[in-house]
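First up is the structure itself, then whatever we jot down about it.
The values are calculated or read from the model by the stated rules, or taken from the named source; none is laboratory data. All of these numbers come straight from a predicted model, not from anything done at the bench. Heads up, the Cβs are rebuilt from the backbone with ideal geometry, glycines too, and the neighbour counts pull from every protein chain shown.
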Amino acid sequence: MTGWGILKSLWVTFRHLVVTYIEDIRYGKRRYFTPEGIEARRSSDVQGIFTVQYPEEKLPVPEAFRYLPFLVYEEGANGERQLRCTSCGICAKVCPPQCIWIVRKNDPQTGRPIPTPAAFYIDVDICMNCGFCAEYCPFDAIKMDHDYEIASYDRLREHIFDIERLAKPVSYYASIRPTDYALEEAARAQKSGAKKTESAAG
Amino acid sequence: MSESALKIAQIPDLTLLFPDKVRPDTRPGYQGYIVEREHLLEVVRLLRDEYGYDYLSSVTGVDYLPEGKMEVVYHLYKTLGGPALVLKAQMPREDARVPSLVSLYRGAEFQEREAWDLLGIRFEGHPDLRRILMWEGFAGFPLRKDWREPYFEEEAKPFKSRWPEGFVFRAEDRNPFGDNVQYPPGFDPESWTPADDEAIYRALKRATDQDDLHADTLVVNLGPQHPSTHGVFRMVVSLVEETILDLKPVMGYLHRNHEKIGERNTFLQNMPFTDRLDYLCSMSNNFGYALAVEKLMGIKPPERAEYIRVMMAELTRFLNHIFAIGFLLNDLGAYFTPALYAIEERELILDIFEAVSGSRMMCNYFRFGGVARDVSDDILEKVRRLVNDRLPRKVDEMDEFLTRNEIVRERCEGVGILTAEQAIANSASGPVLRASGVPYDVRRAEPYSIYDRLEFDVAVRYHGDIYDRYLIRLDEMRQSLRILQQVLRDIPEGPIMTGKPQYQVRVPPGEAYGRVEGPKGELGFYVVSNGKPNPWRYHVRAPSFINLTSLADMARGNKVADVVAILGSIDIVLGEVDR
């Protein structure tokens with residue numbers, strides 16, 4: 001019969017429409033604005049409407065998500081910040097759009113370079129969020145952040161991030177990337193354990 | 001076997017056939033033959049007519065400034081399958097002319113225009129040699145080695161100003177115009193008036209007066225700002241009433257000088273830039289580039305990495321095809337409903353890409369020798385649940401939803417027909433070629449990665465109209481699911497990278513052409529290295545760009561309302577067309 005194909009298509013659309021309400025009734029209050037509701041709406045057996053009502057609801061980002069980089073600092077005994085960065089410059093060399101600018105600090109007495117940055121700038125308008133800086137840093141000093149809500153009104157002043165804006169504590173890094181952090185700490189512990197036995201033997 | 005069949009079955013040795021006109025390319029790391037440019041047409045005609053090399057895949061130019069030479073590199077293939085026959089024509093830089101191959105292969109048309117536009121190589125005998133990616137009034141040839149782009153800092157990255165100098169500045173502040181603009185010397189922007197698109201309009205066919213009936217031709221510009229052109233793309237059509245007489249595509253509105261940036265980047269730094277070519281299918285682009293550089297380096301990734309790569313490539317193919325079907329229906333006028341059903345499936349796959357690589361679209365996941373990060377077991381579990389349960393159901397639902405729909409059939413059957421001979425001559429590739437009856441798939445013709453071990457069928461359809469291009473995408477989605485099920489069943493444990501991850505890759509000198517069967521067609525990367533950390537020449541053979549050669553053939557004789565649907569059925573992405 002002519003028109004049967006159109007009727008079948010309309011039936012598919014109708015089914016999608018009705019099943020949204022059925023799912024709403026089935027889930028009740030837990031469907032919207034709850035974490036389990038969001039998970040249900042991104043699982044592989046979702047039916048019906050799958051919109052996440054941003055900004056009231058936010059999709060949890062996976063651990064591997066990369067947005068802008070940030071510098072990691074260890075907190076010292078009296079709250080002092082010890083940046084892990086040694087200003088080796090590998091992140092600046094490997095950055096594809098060349099958005100990282102580093103100035104090495106020189107020791108004021110001897111004038112030789114010391115392994116910490118005097119200035120560290122990232123131009124976030126240029127940053128491609130590729131993650132190479134974090135991937136190739138040998139000191140785990142720069143990592144990719146999860147924060148994507150960084151819109152501002154003034155591009156010229158606010159979009160070049162300096163050390164103040166970039167530095168975040170190790171505890172923050174451990175909270176956003178727990179498995180990576182655990183692997184790195186295990187590797188560090190193993191290396192320092194190996195060094196201790198070496199120095200004890202030698 | 002007859003003599004002609006015997007000739008087609010073998011790979012000819014050109015030094016025996018043309019002893020004084022062709023010599024092998026003996027530079028270290030290079031393949032193929034160097035042809036004298038006066039004899040180029042003769043050699044290629046013999047190869048096409050008698051030896052079965054009917055598919056010209058890629059035409060590209062290279063600037064060898066230190067030797068004072070320009071070179072045009074041709075990659076010829078047989079539609080029966082097999083490796084490439086690489087021909088090169090060399091010429092001095094001051095006198096960069098070479099005969100055009102458009103009379104033998106129509107598909108060379110846009111690529112030769114690109115070589116003229118970007119490198120200044122003149123192709124004699126080309127029917128319409130105009131600039132294609134730059135605008136008509138542009139002065140200079142950007143890809144030449146002595147041409148410097150507006151924000152030029154140094155010949156190759158990394159720049160010294162970032163480290164150890166490090167005093168940050170914005171590039172716009174350095175440019176006196178505060179803008180990305182560079183005028184040739186002696187040019188006065190105040191007094192210059194732009195010329196009209198005279199050349200394009202003159203090149204269109206007009207109606208002739210026949211049978212005492214006066215036919216009025218109307219020239220219409222579709223685009224560049226148009227909701228249905230899949231990006232900034234312009235089509236200039238000449239119409240008689242509503243029927244199309246001729247169509248000329250105009251592209252270059254999204255040209256980002258990707259190839260020149262590629263020459264400034266190191267090999268590794270180019271990987272995130274390849275994500276942005278065909279921005280919907282970033283894993284596929286990464287795959288092609290990784291293959292090309294791995295060919296130069298002579299390394300192969302370990303087994304687990306190969307399986308992960310194929311899994312990502314096939315997931316990309318699935319999400320591209322379902323998106324293409326959704327947007328074809330959008331172009332037909334079924335506003336956004338099928339597109340949003342397609343986008344829902346895409347969202348689930350993009351969530352997997354985000355969990356694996358860190359980003360939904362700009363994945364930057366492949367590295368030379370493997371992949372960047374391992375895939376954990378719960379992600380594999382998610383992929384299994386999708387591939388075994390949800391996605392086959394959804395393909396069947398799209399099929400039930402759209403295939404028998406009378407409106408889709410009325411508007412798509414018999415519209416935009418591309419015959420097999422036209423498709424091969426136009427160097428069409430991917431679903432466009434296979435829907436016209438030519439079963440050419442790079443995964444079978446010249447298998448790469450582990451595709452020679454996987455069982456899948458090459459989808460073919462024989463009518464070559466829009467409906468067949470829609471059906472073949474459904475077929476390919478089903479074959480992709482079949483491949484994914486095999487990959488998920490057989491994926492081994494093991495390392496994901498050959499050697500240690502390093503940011504300074506050592507690439508020996510030579511050339512390589514790495515191609516993959518991308519979702520839009522044959523995506524090829526031609527990389528020339530001279531041993532330095534950054535490539536000497538980096539060219540992308542973009543399938544959408546070359547498939548657009550067939551647009552004029554498909555559109556002639558149809559109505560204006562069909563052009564939008566025909567463009568949707570070719571499935572182009574402007575990031576790839578313009579680079």
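Please state which one of A:Thr34, A:Thr13 is within 11 Å of chain B (Cβ to nearest Cβ) and either modelled with pLDDT under 85 or out of contact with any strand residue (DSSP E or B) (no Cβ under 6 Å at 6 or more places or on another chain) (or both).
Answer to the check: A:Thr13.
If a residue must be aliphatic (A, V, I, L, M) and more than 10 Å from every other protein chain (Cβ to nearest Cβ), how many such residues does segment B:352-386 contain?
Taking segment B:352-386 as the starting set, the residues that turn out to be aliphatic (A, V, I, L, M) are B:352, B:355-356, B:361-362, B:371-372, B:375, B:379-380, B:383, B:386.
Those left that are additionally more than 10 Å from every other protein chain (Cβ to nearest Cβ): B:361, B:371, B:375, B:380.
Residues that pass the stated criteria total 4.
Kindly indicate whether B:Arg148 is away from every other protein chain (no Cβ under 14 Å), at pLDDT 75 or above, in contact with a helix residue (DSSP H, G or I) (Cβ under 8 Å, 6 or more places away or on another chain) and surrounded by 13 or more Cβ atoms within 10 Å (Cβ to Cβ).
no
Give the residues of segment A:140-167 that are surrounded by fewer than 18 Cβ atoms within 10 Å (Cβ to Cβ) and within 21 Å of B:Gln269 (Cβ to Cβ), sorted by residue number.
Of everything in segment A:140-167, nothing turns out to be surrounded by fewer than 18 Cβ atoms within 10 Å (Cβ to Cβ) and within 21 Å of B:Gln269 (Cβ to Cβ).
Suppose we keep only residues that are over 30 Å from the mean Cα position of the chain (by Cα) and not basic (Lys, Arg) within segment B:16-38. Which one would you say is nearest to B:Tyr51 (Cα to Cα)?
In this case the residue turns out to be B:Leu17.
Looking at B:Pro495, B:Pro533, B:Pro509, can you tell me which residue is in contact (Cβ under 8 Å) with a residue 24 or more places away in the chain, closer than 18 Å to B:Thr274 by Cβ and not small (Gly, Ala, Ser)?
Only one candidate qualifies: B:Pro533.
Any idea how many residues of segment B:539-554 are surrounded by fewer than 24 Cβ atoms within 10 Å (Cβ to Cβ) and either over 18 Å from B:Gly430 (Cα atoms) or out of contact with any helix residue (DSSP H, G or I) (no Cβ under 9 Å at 6 or more places or on another chain) (or both)?
Matching residues across segment B:539-554 total 1.
To keep it simple, each residue is scored yes or no on (1) in contact with a Pro (Cβ under 8 Å, 6 or more places away or on another chain); (2) modelled with pLDDT of 90 or more.
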position	(1), (2)
B:Gly32	yes, no
B:Arg37	yes, no
B:Asp49	no, no
B:Pro83	no, no
B:Val86	no, yes
B:Met91	no, yes
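Confirm whether B:Tyr307 is over 26 Å from B:Asp490 (Cα atoms) and among the aromatic types (Phe, Trp, Tyr).
Criteria not met by B:Tyr307.
Filter segment B:471-501 for residues that are within 14 Å of chain A (Cβ to nearest Cβ) and part of a loop (DSSP other than H, G, I, E, B); which is nearest to B:Gly568 (Cα to Cα)?
B:Ile496
For segment A:18-36, how many residues meet the condition of being surrounded by 12 or more Cβ atoms within 10 Å (Cβ to Cβ), within 21 Å of B:Tyr335 (Cβ to Cβ) and not hydroxyl-bearing (Ser, Thr, Tyr)?
1
Would segment A:100-119 turn up any residue that is touching a residue at least 40 places away in the same chain (Cβ under 8 Å), at negative phi and not charged (D, E, K, R)?
yes
When you look at B:Phe141, is it touching a helix residue (DSSP H, G or I) at 6+ places or on another chain (Cβ under 6 Å) and either more than 26 Å from B:Arg579 (Cβ to Cβ) or hydrophobic (A, V, I, L, M, F, W, C) (or both), yes or no?
yes
Tell me whether segment B:322-343 contains one or more residues that are charged (D, E, K, R), surrounded by fewer than 24 Cβ atoms within 10 Å (Cβ to Cβ) and either facing chain A (nearest Cβ under 10 Å) or not in a helix (DSSP H, G or I) (or both).
No, segment B:322-343 contains no residue that is charged (D, E, K, R), surrounded by fewer than 24 Cβ atoms within 10 Å (Cβ to Cβ) and either facing chain A (nearest Cβ under 10 Å) or not in a helix (DSSP H, G or I) (or both).
If we scan segment B:294-308, do we find a residue that is β-branched (Val, Ile, Thr), away from every other protein chain (no Cβ under 14 Å) and either in a loop (DSSP other than H, G, I, E, B) or on the phi > 0 side of the Ramachandran plot (or both)?
Yes; the residues of segment B:294-308 include at least one that is β-branched (Val, Ile, Thr), away from every other protein chain (no Cβ under 14 Å) and either in a loop (DSSP other than H, G, I, E, B) or on the phi > 0 side of the Ramachandran plot (or both).
Looking only at segment B:506-524, count every residue that is part of a strand (DSSP E or B) and of a type in the set (Lys, Arg) and tell me the total.
1
Considering segment B:214-248 alone, what residues qualify as being within 20 Å of B:Phe327 (Cα to Cα) and not hydroxyl-bearing (Ser, Thr, Tyr)?
B:Leu222, B:Gly223, B:Pro224, B:Gln225, B:His226, B:Pro227, B:His230, B:Gly231, B:Val232, B:Phe233, B:Arg234, B:Met235
Of all residues in segment B:390-441, how many are more than 14 Å from chain A (Cβ to nearest Cβ), surrounded by fewer than 23 Cβ atoms within 10 Å (Cβ to Cβ) and not in a loop (DSSP other than H, G, I, E, B)?
5
What number of residues within segment A:61-106 are away from chain B (no Cβ under 14 Å) and either in contact with an Asp or Glu (Cβ under 6 Å, 6 or more places away or on another chain) or assigned to a loop (DSSP other than H, G, I, E, B) (or both)?
The qualifying residues number 8.
Give me the residue from segment A:107-125 that is within 11 Å of chain B (Cβ to nearest Cβ) and surrounded by fewer than 18 Cβ atoms within 10 Å (Cβ to Cβ) and, out of that set, farthest from A:Lys168 (Cα to Cα).
A:Pro113
Give the residues of segment B:9-40 that are buried (at least 17 other Cβ atoms within 10 Å of the Cβ) and among the aliphatic types (A, V, I, L, M), sorted by residue number.
B:Leu14, B:Val22, B:Ile34, B:Val35, B:Leu40
Sort out for me the helices (runs of 4 or more DSSP H) sitting completely within segment A:126-202 that have 3 or more residues that are modelled with pLDDT of 90 or more and more than 10 Å from chain B (Cβ to nearest Cβ).
A:170-176, A:178-201
Counting just the residues of segment A:37-60 that are at the interface with chain B (Cβ under 9 Å from one of its Cβ atoms) and charged (D, E, K, R), which one comes out surrounded by the most Cβ atoms within 10 Å (Cβ to Cβ)?
In this case the residue turns out to be A:Arg42.
Residues in segment B:560-579: is at least one in contact with an Asp or Glu (Cβ under 6 Å, 6 or more places away or on another chain), in a helix (DSSP H, G or I) and among the charged types (D, E, K, R)?
Yes, the conditions are met somewhere in segment B:560-579.
In this structure, does B:Phe169 turn out to be modelled with pLDDT of 80 or more, within 28 Å of B:Met251 (Cα to Cα) and not aliphatic (A, V, I, L, M)?
Criteria not met by B:Phe169.
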